[in-house]
1. Please list, in chain and number order, the residues 5+ apart from Ala124 or on another chain whose amide H is under 5 Å from its amide H, with Hs placed from the backbone.
2. Test of understanding: ordering Thr25, Thr19 by Cβ neighbours within 10 Å, fewest first, what list do you get?
3. Can you list the HN-Hα couplings for segment 46-53, worked out from phi with the Karplus curve (6.51, -1.76, 1.60; θ = phi - 60°), rounded to whole Hz and with x for Gly and Pro?
4. Filter Lys35/Lys93; Lys2/Lys42; Lys2/Lys39; Lys2/Lys93 down to the pairs with a C-alpha to C-alpha distance above 18 Å, please.
5. About the Cα centre of the chain, what is the dipole size in debye to 20, counting +1 per Lys and Arg Cβ and -1 per Asp and Glu Cβ, all else neutral?
6. Local charge sum around Ala46 (other residues, Cβ-Cβ under 13 Å, Lys/Arg +1, Asp/Glu -1)?
7. Going by how many other beta carbons lie within 10 Å of each one, how would you line up Leu56, Leu11, fewest first?
8. Taking a label point 7 Å from the Cα of Ala116 along the Cα→Cβ vector, which residues of segment 67-90 have an amide N closer than 11 Å to it?
Amino acid sequence: MKILLINGPNLNNLGKRDTGIYGNTTLPVIVAAVKKRAKELKVQVADYQSNVEGDLIDFIQDESASADAIIINPGAFTHYAYALRDALVDADKPIAEVHLSNVYSREDFRHKSVIAPIAVGQIAGFGWRGYIAALELLVDRAKNNK
Ligand code: DQA
C-alpha cells in the first residue's frame, strides 16, 4: 500500500509560522513521524510540499495512479482552490483532509472547505497528530474494506 502525503502553501514554514496556532513542530519532523508510523504499518509514503497550486496538481497527476490513498493539508487552498479539488477528484482515491488548527474556531473564511465534500473525512485541530491519525484511519479503512 502506498499513500501520498501532500502539504500546501506556507506549511514549509511550520515551526516558524504562527506557533501559537500551528505549534513548534516543523514539516520535516511531521513527515518523518508519518513515515516512521507508516513503516510500522508496512505502508509506503511519498511526500510533497509546494506553495504553488499547479505544482501540487502535477504531483497528484504524476503520482496518484501508483497510490492507494491521499493525505492532504491543502493550507489556504482548502478554502477556494477548485483546480486542486478537480485534480483530487480525477485521482479517484480515498482522501483524508488534515488541518493542524481547528479551522472552525477561526475566521469565517476558514470554515468552508472545497476539498471536504470529496474527502472520506477531515481531521482538524489536533496539530501534527492529525497526520498520524489520518494515516492510521486510511490504512485501517483499506485493510477492512471501509
Ligand atoms: C491550515 C488551515 C488553513 O486555514 C491555513 O490557511 C493553513 C493551515 C491548518 O493546517 O490548520 O495554511 O490548513
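1. HN-HN under 5 Å from Ala124: His99.
2. Thr19, Thr25
3. Each residue's phi maps through the Karplus curve to give 10, 10, 7, 10, 8, 8, 10, 4 Hz.
4. On the way: Lys35/Lys93 20 Å; Lys2/Lys42 9 Å; Lys2/Lys39 11 Å; Lys2/Lys93 11 Å.
Lys35/Lys93, as the Cα separations exceed 18 Å there.
5. 640
6. Working: positive: Lys2, Lys35, Lys93; negative: Asp47, Asp62, Glu63, Asp68.
My count for the surroundings of Ala46 gives -1.
7. Working: Leu56 26, Leu11 21.
Taking fewest neighbouring Cβ atoms as first place, the list is Leu11, Leu56.
8. Residues 79 qualify, since their backbone N sits under 11 Å from the label point.
A short reminder: the numbers here are calculations on the coordinates, not readings from a lab. From a predicted model like this one, the values you see are computed outputs, not experimental measurements. Don't worry about glycine lacking a Cβ; one is built from the backbone with ideal geometry, like all the others, and counts go over all protein chains shown.
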